[in-house]
Amino acid sequence: QVSLAGADDQFVTATALDDDGLGDNMALASGGSTITASEEPYRPADLIDGVHTSAVNYGWMIVTTTPPGAITLDMKSTATVSRVRLLNWDWSYRIHRYQIEYSENGSTWSTLVDASGADRQGWDDWDIADVPARYLRLTGLQTSDNLSAFSVAELEVYGSRDLSHLPKPVVLK
């Protein structure tokens with residue numbers, strides 16, 4: 001119920017956006033993750049801000065450079081990654097091809113998602129076989145955008161964090 005002085009009460013139905021039971025998004029900047037980019041990035045921080053309901057809230061990289069542009073997520077500690085979701089910018093019809101790699105140390109990389117063989121649009125939801133990773137690197141390979149800009153509205157990462165490095169709680173008696 002929404003009430004306002006001088007107006008009749010209104011009853012509304014609220015639905016939680018992304019209430020899909022996946023747990024905490026480990027890629028969020030508000031949770032401590034950071035993001036860096038190469039090759040003329042534009043607003044890469046928008047990929048991890050949790051906002052994807054506006055046509056002007058996205059980041060992009062150029063895919064025609066050699067090497068192609070890449071965006072690297074640092075979750076600040078190793079986590080077990082079980083799902084990655086990527087929202088390709090979809091306010092107009094655009095298709096992309098890309099790959100996502102993972103690393104525990106930032107120097108040795110392995111393929112996590114290979115989306116190079118088919119056109120992708122909208123939400124891509126990738127189940128992952130529980131891999132340990134601190135870093136994820138998204139590389140745009142191809143886009144239908146005439147400016148060669150691979151645009152992404154949001155990057156989400158789900159799984160569990162290794163919290164064994166944190167101090168044990170003190171129990172007061």
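All of the numbers you see were taken from the coordinates with simple rules; none came from a lab. What you see is a predicted model, and the numbers here were worked out from it, not measured in a lab. Virtual Cβ from ideal backbone geometry, glycine too; neighbours counted across all protein chains shown.
Comparing mean-square fluctuations of T66, T111, T143 from a GNM of the chain with C-alpha springs under 10 Å, the top value falls on T66. Taken along the Cα-to-beta-carbon direction at a fixed 7 Å, the label points for S144 and T36 span 3.4 nm.
Across every direction, the projection of the convex hull enclosing the Cα atoms of region 82-136 has a mean area of 4.0 nm². Taking 0.692 mPa s as the viscosity and 37 °C as the temperature, the Stokes-Einstein diffusion coefficient of the chain based on its alpha-carbon Kirkwood radius rounds to 187 µm²/s. Close amide H partners of Y98, meaning residues 5 or more places away or on another chain with modelled amide H under 5 Å apart, are A115, S116, L141.
Summing Cβ point charges (Lys, Arg +1; Asp, Glu -1) relative to the Cα centre of the chain gives a dipole of roughly 600 debye. Residue separation of T80 and V170 scaled by 0.36 nm, minus their Cα-Cα distance, works out to 29.8 nm of gained length.
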